[in-house]
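The values are calculated or read from the model by the stated rules, or taken from the named source; none is laboratory data. Remember, predicted model here, so these are calculated numbers, not experimental data. Note that each Cβ is placed from the backbone with ideal geometry, even for glycine, and that neighbours are counted across all protein chains shown. The accessibility values were calculated without ligands, DNA or RNA, using every heavy atom of the protein model including side chains. Shrake-Rupley method; radii C 1.70, N 1.55, O 1.52, S 1.80 Å.
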Amino acid sequence: MASKLIEPIFISPSEIHHAIGISRSNAYSLLKNDPSFPKLKKLSPGRTAWLFSDLRAWAAKRPDADTTEQT
């Protein structure tokens, strides 16, 4: 029997790379400098995480990298 994911899904700072492909240090930098980056949620004393749906929505709004060569 396949297990089902239960919403909400929380992503810890150490797991963010697997969720949206950015490093933990980059995530903290974005948290500090980019007001559009999702805020951490306090789950319990000493435990914080992001809502995966918030991270996914933020990533979807990001522009694609410009991969065209300038000549």
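Which one of Ala65, Ala49, Ala57 is open to solvent by less than 100 Å² (accessible area, probe 1.4 Å), outside any loop (DSSP other than H, G, I, E, B) and at pLDDT below 95? Show your work before the answer.
Numbers: Ala65 fails: outside any loop (DSSP other than H, G, I, E, B); Ala49 fails: at pLDDT below 95.
On inspection, the qualifying residue turns out to be Ala57.
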Residue list for segment 26-52, restricted to those being under 21 Å from Pro63 (Cα atoms) and of a type in the set (S, T, N, Q): Asn26, Ser29, Asn33, Ser36
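Within segment 12-25, how many residues turn out to be under 19 Å from Lys61 (Cα atoms) and not in a helix (DSSP H, G or I)?
Our first condition is that a residue be under 19 Å from Lys61 (Cα atoms); within segment 12-25, this holds for 16-23.
Right, trim to not in a helix (DSSP H, G or I) and you get 21-23.
Of the residues in segment 12-25, 3 are under 19 Å from Lys61 (Cα atoms) and not in a helix (DSSP H, G or I).
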Residue that is least open to solvent (accessible area, probe 1.4 Å) [pool: residues in segment 26-46 that are part of a loop (DSSP other than H, G, I, E, B) and out of contact with any Leu (no Cβ under 8 Å at 6 or more places or on another chain)]: Asp34
